[in-house]
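Here is the structure we will look at, set down as C-alpha cells.
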Amino acid sequence: MIDVRNLSKTFLAPHEVRALHNINTSIEAAEVVVVIGPSGSGKSTFIRCLNHLETPDEGGHIYIDGKDVLDSKTDINKVRAEVGMVFQSFNLFPHKTVLENVALAQRVVRKRPKAQAREKAMALLNKVGIGDKASSYPDQLSGGQQQRVAIARALAMDPKVMLFDEPTSALDPEMIGEVLEAMKTLAKEGMTMVVVTHEMGFAREVADRVIFMDQGAIVEEGPPEHFFTTPDHERTKLFLSQIL
Amino acid sequence: MSLNVKKSRYDLFWKSTYFVIIGVGILLLWYATKEVEYVWRWYRVPQYFIADVEVNVRAEIEGEVARIERSGETVRITVEGRSGEKETYPAPAGEVRVYEGDFIFPGDILAVYEETRPGILLQGLWLTLKVSFIAIAFGILIGLLGGLARVSRNPCLRWLSITYIEFIRGSPLLVQIYLWYFVFGTIINNLLAEMGFSPISSLWYGVASLAIFAGAYVAEIVRAGIQSIHRGQTEAARSLGMNYIQSMTHVILPQAMRRILPPLAGQFISLIKDSSLLGIIAIRELTKATREVVTTSLQPYELWFVCAVLYLILTFSLSMFVQYLERRTLI
C-alpha cells in the first residue's frame with residue numbers, strides 16, 4: 001500500500017537540520033503501524049512526508065497505491081484525497097459547524113451533492129459518538145470531541161490510508177481514551193493506519209508493527225510483542241526504560 | 001459609601017466635564033469670530049443644497065410667434081420661420097415673455113420658469129460618494145489580487161506585488177494624482193485621439209489613482225489577514241485533497257475576512273477623505289464644490305464646517321456599516 005524508498009529530508013531554514021536519513025519501509029494494506037521515538041527523532045516529519053505536506057530531498061520515493069507521491073507529474077490533490085490525516089492540534093475549520101467541517105471536502109473535492117455529503121457526515125459523526133454536536137462550532141467542543149470530528153472529517157473522503165500525527169498529545173488525559181477508542185474501531189475494520197504516538201498501550205494492543213525512530217533514522221521495527229519485551233538495540237532498550 | 005455610588009458619582013462628574021469642555025470650546029470659537037467681526041449667516045447655507053434656478057426658454061430660429069397653447073401645467077410656444085418652418089418649444093406654465101404675432105430672433109427669451117435643482121454642495125457630495133464607491137470597489141479587487149500575489153510562491157507574482165505596493169506606498173497620493181492626470185492621462189488620451197476615440201474624462205483618472213493607491217494598502221491588509229490564519233488550517237484543507245484555490249476560498253479567506261474587516265474600514269475611510277484631493281484635477285467633488293461656493297458666497301466659516309460635517313457623515317456611515325458586517329460574520 002505504501003512503499004518508502006531512500007527518503008531523506010533536510011530542513012534548510014533557520015539552520016540546516018537533517019530530519020530524516022535514508023528511510024526505507026513499506027506498509028501493507030490493512031496494516032496498523034505505530035511510529036514511536038523520542039522528540040526530534042523525525043517521526044512527525046516522516047508521516048508528513050507521506051502526503052507531501054513536507055517536501056523531502058531529491059532522490060527519495062514514496063509510492064502510495066502505486067503512485068509516486070513525490071513525482072511532479074502525480075496529481076498530489078488526488079493522492080491526498082485518498083490519504084486521511086489527523087493532526088495533533090485538530091485543525092478543524094473554526095468558521096464552519098461540525099457537520100460542515102465533515103461535509104466540506106466531500107462537496108468540494110469529491111463533488112458529492114449537498115444532501116449526500118451531509119448524510120455521510122452525519123453517519124460518521126454518529127460513528128465517532130458526537131452526532132448530537134453536529135450543529136455546534138468547533139470551539140464549543142472539548143479537545144477529545146474536536147479530535148473525533150477531525151477523524152470523521154478525514155474518513156468522509158473514504159481514504160485508503162489514515163495518517164495520525166500525535167493525535168492525543170494535545171489532549172487532557174481524561175479525553176485520550178475516547179480518541180483512542182475511535183482509532184481502535186477503525187483499526188478493527190481493516191483500515192490501513194500509520195500512527196505517530198506516545199501511547200504505548202495503544203501500540204501494544206492495536207499495532208501490527210512498531211517502528212522505532214531516532215535521529216532521523218529507523219532504528220528498529222517489528223511486532224509489538226517482540227519490540228516491547230525483547231528489543232534488539234541498546235537505543236531502543238534505553239528509550240523503553242525511560243518511558244515505561 | 002458603597003463602591004457603586006462612588007463609581008457613578010465619578011462617572012457623572014467626568015461626563016459633565018466632557019460636555020462643559022465641548023460647550024466652552026464652541027462658545028470660545030463663537031466669541032472669537034465675533035471679535036474679528038464675522039457675521040454668521042447660516043440661513044444662506046441651504047441654497048447650496050437645494051436651489052431654485054431660473055430657467056430661460058430661448059428661441060433657436062428667427063420668425064414670428066405663431067401660437068401659444070396653454071394646457072394645464074404646460075405651455076407650448078410655436079414659432080414659424082420666414083420660409084414656413086415651424087418649431088415648438090414646450091415649457092412648464094410660468095412666465096411667458098412673448099405674445100402671438102411677436103417677431104423674434106434666435107436667442108430671444110420666450111418663457112421663464114423656476115426649477116428646483118440640487119445645489120452645488122449636494123452635487124459635490126454625490127460626486128464624492130460616487131468616486132469613493134467606485135474606487136473602493138476597484139480597490140478591494142486590486143487589493144485582493146495584490147494580497148494573494150504577495151503570499152504566492154511564484155516569485156514573479158510576489159515581486160510584482162511587492163514592487164507595486166512599495167511604489168504606491170512610497171510616494172504621496174497628490175503626486176500620484178498628478179501622474180495619472182498629467183502623464184498617463186495625457187498619453188492615453190493622445191493615443192485615443194490618434195485612434196479616433198473620444199478622450200477619457202478626468203474623473204476616471206481620479207478614480208484610477210484612488211483605487212490603485214488604496215489597492216496597495218488593501219493588499220498589505222489582505223496579506224496580513226491571510227498570514228494570521230494558522231498554517232494548520234491550510235495543511236488540513238490540503239490534506240483533504242483541496243487544491244490551492246479551493247483551500248483559499250473555502251477555508252483561509254472566509255476566516256481572514258473577519259480579521260481584515262476593521263483595518264479595511266479604516267483604509268476606506270481614508271479613501272473617502274483622500275478623494276478631497278481630486279479637486280486639483282478639475283473634479284468638482286465636495287471640497288472643490290465648497291471652495292467654489294466660498295468664493296462666491298464669502299461665508300467660509302459656515303461652509304467649511306458644513307463640508308467637514310458632510311465628510312463625517314460619509315465616514316461614520318461607512319464605519320457603522322462595517323461594524324454591522326463584523327457582527328454578522330461573528331462566529
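The values are calculated or read from the model by the stated rules, or taken from the named source; none is laboratory data. What you see is a predicted model; the values in this text were computed from it and never measured. Positions of Cβ are generated from backbone atoms using ideal geometry, with glycine treated the same way; all protein chains shown enter the neighbour counts. We work out accessible area using only protein heavy atoms, side chains counted, and drop any ligands, DNA or RNA first. Shrake-Rupley method; radii C 1.70, N 1.55, O 1.52, S 1.80 Å.
Run down the aspartates and glutamates and flag those whose C-alpha is under 13 Å from the C-alpha of A:Lys114, throwing out any fewer than 8 positions away in its chain. Within reach: A:Glu100. Accessible area per residue for the stretch B:74-204 is 62 Å², calculated with a 1.4 Å probe on protein heavy atoms, without ligands, DNA or RNA. A 1.4 Å probe over all protein chains sorts A:Glu16, A:Glu181, A:Glu58, B:Glu62 by accessible area into A:Glu58, A:Glu16, A:Glu181, B:Glu62, starting with the largest. Database remark: amide H of B:Val75 closer than 5 angstrom to the amide H of B:Ala91, B:Ala93 (H placed geometrically; neighbours at sequence offset of 5 or more, or on other chains; Pro and chain starts carry no H). Between the alpha-carbon centres of the stretch B:7-42 and the stretch B:146-165 there is a gap of 51 Å. Label-to-label distance for B:Ser2 and B:Tyr43 is 5.5 nm, based on points extended 7 Å past Cα in the beta-carbon direction.
Measuring against 20 Å, Cα to Cα, the residue pairs A:Lys111/A:Lys133; B:Lys34/B:Lys288; A:Lys73/A:Lys111; A:Lys78/A:Lys160; A:Lys160/A:Lys188; A:Lys43/A:Lys73 contain A:Lys111/A:Lys133; B:Lys34/B:Lys288; A:Lys73/A:Lys111; A:Lys43/A:Lys73 as the ones spanning a longer distance.
Dividing the summed -39500 (n - 2.57) terms of all DSSP H runs of n ≥ 4 by the residue count of chain B sets its mean residue ellipticity at 222 nm at -20500 deg cm²/dmol. What are the residues whose amide H is under 5 Å from the amide H of A:Arg209, where those residues sit 5 or more places off or on another chain and H is modelled from the backbone? Amide H neighbours of A:Arg209: A:Val32, A:Val34. Accessible surface comparison of B:Leu271, B:Leu129, A:Leu70, probe 1.4 Å, protein chains only, largest first: the order is B:Leu129, A:Leu70, B:Leu271.
Compared with the dominant Cα axis of chain B, that is its longest principal axis, helix B:300-329 is turned about 50°.
I need the shape label for the stretch B:183-331. Rule: rounded when a/c is under 1.5, else prolate if a/b > b/c, else oblate, with a, b, c from the alpha carbon gyration tensor. It comes out oblate by the Cα gyration axes.
Within the accessible area of the protein assembly as shown, what % is carbon and sulfur when the probe is 1.4 Å and the other protein chains stay in place? Intermediate results must be reported in sequence, preceding the final value.
Values: 17720 of 30200 Å².
Summing carbon and sulfur atoms, their accessible area is 59 percent of the total for the protein assembly as shown.
For A:His52, B:His250, A:His15, give the ranking by accessible area with the largest first, probe 1.4 Å.
Most to least solvent-accessible, the answer reads A:His15, B:His250, A:His52.
Computed with a 1.4 Å probe over protein heavy atoms only, the accessible area of A:Asp172 comes to about 80 Å².
Between B:Val183 and B:Glu115, the simple spin-label model (points 7 angstrom out along Cα→Cβ) gives 4.2 nm. Per residue, the convex hull spanned by the Cα atoms of the stretch B:290-330 amounts to 43 cubic angstrom. Rolling a 1.4 Å probe over the protein chains gives B:Phe103 an accessible area of about 90 Å². Shape class of the stretch A:129-173 from the alpha-carbon gyration tensor: oblate, with a/c at 1.5 or above and b/c at least as large as a/b. Rounded to the nearest 20, the size of the Cβ-charge dipole of the protein assembly as shown about its Cα centre is 960 debye, with Lys and Arg at +1 and Asp and Glu at -1. The interface between chain A and chain B buries about 1800 Å² of solvent-accessible area in total (1.4 Å probe, ligands and nucleic acids excluded). Based on C-alpha pairs under 8 angstrom that are at least 6 apart in sequence, chain A has a relative contact order of 26 percent. Counting only protein heavy atoms and a 1.4 Å probe, the stretch A:146-244 has 40 square angstrom of accessible area per residue.
Compared with the dominant Cα axis of chain B, that is its longest principal axis, helix B:286-297 is turned about 40°.
Partner shielding of A:74-84 amounts to 3, given as the average count of beta-carbon atoms from other chains within 10 Å of each residue beta-carbon.
Roughly how many Å is it from the Cα centre of the stretch A:18-58 to that of the stretch A:162-185, as a whole number? Here the two parts' Cα centres lie 19 Å apart. First check a/c for chain B, with a ≥ b ≥ c the square roots of the eigenvalues of its C-alpha gyration tensor; if it is under 1.5, answer rounded, and if not, answer prolate when a/b is larger than b/c or oblate otherwise. Oblate, because a/c is 1.5 or more while a/b does not exceed b/c.
Counting heavy atoms of the protein chains alone, A:Ser39 has an accessible area of about 110 Å² for a 1.4 Å probe.
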